[in-house]
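Data first, discussion second: the structure below is written as structure tokens.
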Amino acid sequence: MCGRFNLYSNIDILLDQFELINGDMFEILPRFNIAPSQDVLAVIEGEDGRRGGYLRWGLIPSWANDSKIGYKMINARAETIHEKPSFKRLLARRRCLVIADGFYEWKKDGNKKQPFHIFLKDKQPFAFAGLWDRWIQAGEIIQTCTIITTEANELMADIHDRMPVILTKESERQWLDRKIQDEDQLKSLLIPYDSTAMDVYPISEFVNSPRNEGIEILNSL
């Protein structure tokens, strides 16, 4: 499961790290509580290089009759991504990176759920593996995405049994390479990230409401 994350790195860092060629065409504002149905920064491979832009989080398949289906499709399971009609065709031709600095997960503790902030030890931004699609109906065009999840690594296992797929630099390259369409090769990239390169700490329940925003969300308990 991945239901909330953050992105607050300086735009120059993002342009350099993800090799974006169109940084003058969009704005990046610090966000500390990105939630489903909101716009997220995504990267795709264009004919002339990597391009960044915004997609709505919550996949609406191009064939869907109702856009509300997107609320149910914020995540796609890596294990079955090649089987589901909503995702199978996108795996071959509409892959993207969703950029983040960290994400949040909740651990059940009796009747309570304790939120945690999870990030990379080097505190650098990273990319989730994602899929995107374009929905057109009655002249309305909505471009949306989903974040792929996999089984938890050792760090995450004590909090939740799932985690978003975080790609290494080499995996990013292969995931965006439109010439690569082999199902097995693509699925081999969708594995738990190295737990020794990640860190985690508990945060307050302030993060629970997507209406709450601000750097104070990152404050440790």
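The values are calculated or read from the model by the stated rules, or taken from the named source; none is laboratory data. Only a predicted model underlies this, so the values are computations on that prediction, with no experimental measurement involved. FYI the Cβ positions are ideal-geometry reconstructions off the backbone, even for glycines, and counts take in every protein chain you see. Just so you know, the surface numbers come from the protein's heavy atoms only, side chains and all, with ligands and any DNA or RNA stripped out. Shrake-Rupley method; radii C 1.70, N 1.55, O 1.52, S 1.80 Å.
Worth pointing out:
- Surface/4 estimate of mean projected area, convex hull on alpha-carbon atoms of the chain, nm²: 12.6 nm²
- Scanning residues 5 or more positions from ALA76 or on other chains, those with amide H under 5 Å from its amide H are ILE147, ILE148, THR149, with H placed 1.01 Å from N in the peptide plane.
- Top of GLU151, GLU170, GLU105 by mean-square fluctuation, Gaussian network on the chain, Cα under 10 Å: GLU170
- Rounded accessible area per residue of region 32-71, 1.4 Å, Å²: 46 Å²
- Element breakdown for the chain at a 1.4 angstrom probe: carbon and sulfur atoms account for 49% of the accessible area.
- Using the Karplus relation 6.51 cos²θ - 1.76 cosθ + 1.60 with θ = phi - 60°, the per-residue 3J(HN,Hα) values for region 116-126 come to 10, 9, 10, 7, 7, 4, 7, 6, 9, x, 8 Hz, with x marking Gly and Pro.
- Net lengthening on full extension, LYS108/GLU79 (0.36 nm per residue, minus Cα-Cα): 8.0 nm
- Calculated [θ] (222 nm, deg cm²/dmol) that DSSP helices of n ≥ 4 give over the chain, each run adding -39,500 (n - 2.57): -3500 deg cm²/dmol
- Cα-based shape type of region 1-73, given that a ≥ b ≥ c are square roots of the gyration tensor eigenvalues and the cut on a/c is 1.5: oblate
- Most tightly packed first, judged by the mean number of other beta-carbon atoms within 10 Å of their residues, the peptides 2-13, 181-192 read 2-13, 181-192.
- Cα-based shape type of region 2-121, given that a ≥ b ≥ c are square roots of the gyration tensor eigenvalues and the cut on a/c is 1.5: oblate
- Distance between the modelled labels on ILE11 and ASP184, one decimal in nanometres: 4.5 nm (7 Å Cα→Cβ projection).
- ARG134-LYS72 FRET efficiency (beta carbon distance; Förster radius 25 Å; 0.05 resolution): 0.85
- Relative contact order for the chain: 22 percent, from Cα pairs under 8 Å spaced at least 6 residues apart, divided by residue count.
- Cut-off under 5 Å, modelled amide H: who pairs with ARG50 long-range: ILE21
- Unit charges at the beta carbon, dipole of the chain: most positive-side option, LEU155, PRO61, ILE21: PRO61
- Each label was represented as a point 7 Å from its Cα along the Cα-to-Cβ direction; for GLU19 and PHE206 these points are 3.8 nm apart.
- Under the shape rule built on the C-alpha gyration tensor, where the axes satisfy a ≥ b ≥ c, region 109-187 is oblate, since a/c reaches at least 1.5 while a/b does not exceed b/c.
- In sequence order, region 82-89 has phi-based couplings of 7, 9, 6, x, 5, 10, 4, 5 Hz under the Karplus curve 6.51 cos²θ - 1.76 cosθ + 1.60, θ = phi - 60°, and Gly or Pro positions carry x.
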